[in-house]
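These notes are about the structure you will find just below.
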Amino acid sequence: MLAGCRESPAGTSIDAPSQTSWKGNGTGTEEREVTLQFYFGGDKKAATDEVWAAVSDYVKAKGLNVKFAVHFIPWPEMPEKLLVMAASGDKWDLNFDTDSSFQQMASRGSYMALDDLLPVYAPNLYEKYKSLDSLSCVKIDGQIVALPWTIKMNQRPFAGWRVDLAEKAGITREPGEVKTVEDVDVLLHQMKKAYPDSKLSRISALPFYEVRDEWVDLGFHGLGFYLNDPEVKIQAMEQQPFYREAAVMSKRWFDDKILNRDAMIDTEDGAELWRNGRMLFTITSHEWAYVADPGFVDPTFRQQMSLLYPDKKQINRIATANLVAINRNSDHAVQVLRFLDMLETDQKLFDLVIYGIEGETYELRGEEAVYPSNMNFSTSNYMDWGGQWAFWKPQFMRPTATYPVGFWQEEKKFAELPVNVDSPLAGLLLSDSAIRSEVEKRDQGYEKYGKPIEYGVVSQVDESVDAYRKMQIANGLPHILAEVQRQVDRFLNKNVHD
């Protein structure tokens with residue numbers, strides 16, 4: 001993993017809390033009880049509070065005198081909600097985050113620096129990160145501000161469709177036959193003709209063209225670069241030739257009612273829509289293309305998956321794909337780190353946190369964690385809860401109905417295929433502190449003009465694309481590109497000399 005750091009926003013310092021001393025003899029009685037406030041994404045499962053009360057009892061017996069208040073924020077709302085909470089000075093202790101929204105939170109100084117605390121209060125976790133060389137990806141001004149996951153995966157997209165319905169309509173595809181956006185277009189039109197009243201898809205054409213042209217989205221205000229560019233020149237997505245092509249295809253899909261009419265504004269969890277049978281087409285990753293149980297609410301639902309552009313390179317997921325971070329206003333960072341260190345070394349605690357209470361939220365079948373007999377993925381009262389991924393520990397993960405024996409070894413092997421590569425910018429955290437006003441205008445322009453183009457809502461594609469490109473240039477795109485390129489070049493030069 002390449003090393004990387006970034007500047008703090010102007011006028012922001014990153015301070016660690018005092019290293020409060022603690023004593024414990026295994027009873028948890030020598031220190032004051034505190035409640036740790038945790039935030040994750042998705043919907044709260046029915047047994048969550050019961051499970052985390054059991055987690056509290058377990059860690060108290062180990063000398064950590066804490067309770068847990070576990071909150072969930074719906075996925076589409078989570079990034080903005082966390083930004084608002086941080087800007088308001090709210091206090092919480094730990095939250096789940098992903099690489100794209102982490103950039104914004106970190107650039108605004110929302111997370112606590114952990115350099116002094118991590119080695120002292122989570123020494124086992126610290127050593128694991130050192131062995132993986134993954135802490136360099138979560139540093140600002142050389143300071144650690146988050147705790148990344150330790151899984152290796154690749155999310156190159158697979159096209160997926162309800163094969164039970166397709167077969168019923170006489171629509172068949174050989175394994176791996178759907179490879180290109182043109183293949184997808186033909187399939188979608190056949191599915192729409194067979195099921196004209198069904199909601200088919202809310203996925204615009206743009207992701208398919210990004211894969212075709214080996215474009216890497218930085219997750220930073222619509223900027224990216226091409227994998228085949230040795231100079232790693234940062235460019236704006238809307239200025240690329242494939243953007244116009246994608247807009248034309250999205251317009252075709254919108255006009256032909258393949259794209260849901262509310263696709264541009266729909267904030268529902270796409271995975272839930274797919275599992276509930278409310279969409280007939282999706283794109284997903286190798287993980288969900290090959291799970292043993294995709295989580296459909298109806299056992300008669302079946303899926304077929306096909307790898308898109310299998311000869312094209314795709315970047316692997318990075319250490320910051322899933323992570324947890326401690327809010328800079330937390331009063332309990334020491335306790336959070338002690339809990340995370342216990343999770344790194346204790347199978348029983350891991351089982352409690354990830355799977356819940358044996359006999360109530362899961363059962364053991366040999367080494368496999370399975371749903372109780374009256375539950376499945378969709379009706380589970382705890383297993384498969386959202387946001388757990390940053391807590392995953394390869395040394396403790398059990399086979400499940402979703403992830404059978406050998407699944408994670410196969411995921412790692414897939415990520416190591418020659419077409420799956422590490423990004424040259426893995427570990428780079430970009431700062432918008434010098435271009436704050438320009439990126440605000442850029443984002444506003446995207447919401448008002450770019451998103452309708454992306455989803456085919458505009459009446460005249462060529463005119464709209466041309467006008468949008470000119471508007472973004474006028475909004476300060478040259479200044480944005482120059483500043484981001486400066487940070488990218490500094491990052492690349494640093495790694496050449498390290």
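The values are calculated or read from the model by the stated rules, or taken from the named source; none is laboratory data. Predicted model, so just to flag it, every value in this text is computed and none were measured. Here the Cβ positions follow ideal geometry from the backbone for every residue, glycine too, while neighbour counts run over all protein chains shown. Surface accessibility is based on the protein's heavy atoms, side chains included, excluding ligands, DNA and RNA. Shrake-Rupley method; radii C 1.70, N 1.55, O 1.52, S 1.80 Å.
Table for the structure above
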quantity	calculated
From the options ASP298, ASP331, ASP341, residue that is open to solvent by 10 Å² or more (accessible area, probe 1.4 Å), at pLDDT 95 or above and part of a loop (DSSP other than H, G, I, E, B)	ASP331
Enumeration of residues in the stretch 279-295 that are assigned to a loop (DSSP other than H, G, I, E, B), modelled with pLDDT of 90 or more and open to solvent by 30 Å² or more (accessible area, probe 1.4 Å)	none
Scan of the stretch 94-115 for residues that are at pLDDT below 85 and assigned to a helix (DSSP H, G or I), ordered by number	ASP99, SER100, GLN103, GLN104, SER107
Any pair with Cβ under 7 angstrom, 6 or more apart, that starts in the stretch 332-350 at a residue that is within 11 Å of PRO123 (Cα to Cα) and of a type in the set (Asp, Glu) and ends at one that is open to solvent by less than 10 Å² (accessible area, probe 1.4 Å) and part of a helix (DSSP H, G or I)	ASP341/LEU125; GLU344/LEU125
Check on ASN276, more than 25 Å from ASP213 (Cα to Cα), in contact (Cβ under 8 Å) with a residue 12 or more places away in the chain and crowded, with 17+ Cβ neighbours inside 10 Å	no
Any pair with Cβ under 6 angstrom, 6 or more apart, that starts in the stretch 195-222 at a residue that is within 20 Å of ARG244 (Cα to Cα) and ends at one that is of a type in the set (Asp, Glu) and at pLDDT 95 or above	SER204/GLU454; LEU206/GLU454; TYR209/GLU245
Condition broken by LYS413, with the remaining ones in (1) surrounded by fewer than 19 Cβ atoms within 10 Å (Cβ to Cβ); (2) over 19 Å from PRO294 (Cα atoms); (3) touching a residue at least 24 places away in the same chain (Cβ under 8 Å) satisfied	(3)
Count of the stretch 249-275 residues which are within 25 Å of the chain's Cα centre (by Cα) and assigned to a loop (DSSP other than H, G, I, E, B)	9
Qualifying residue in the stretch 354-370 (condition: within 21 Å of TRP52 (Cβ to Cβ), buried (at least 21 other Cβ atoms within 10 Å of the Cβ) and under 20 Å from the mean Cα position of the chain (by Cα))	yes
Near pairs, Cβ below 8 angstrom, 6+ apart or cross-chain, from the stretch 167-178 (farther than 19 Å from LEU307 by Cβ) to any residue that is at pLDDT 95 or above and among the hydroxyl-bearing types (Ser, Thr, Tyr)	ALA169/TYR195
Every residue from the stretch 47-80 that is at pLDDT below 95 and part of a helix (DSSP H, G or I)	TRP75, PRO76, GLU77, MET78, PRO79, GLU80
In the stretch 195-236, residue nearest to TYR309 (Cα to Cα) [restricted to those that are polar (S, T, N, Q) and assigned to a strand (DSSP E or B)]	SER201
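One line per residue, one yes/no per condition, for (1) under 21 Å from LEU206 (Cα atoms); (2) open to solvent by 40 Å² or more (accessible area, probe 1.4 Å); (3) part of a helix (DSSP H, G or I); (4) modelled with pLDDT under 90:
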position	(1), (2), (3), (4)
LEU417	no, yes, no, no
LEU428	no, no, no, yes
GLU463	yes, yes, yes, no
ASP466	yes, yes, yes, no
ALA482	no, yes, yes, no
VAL488	no, no, yes, no
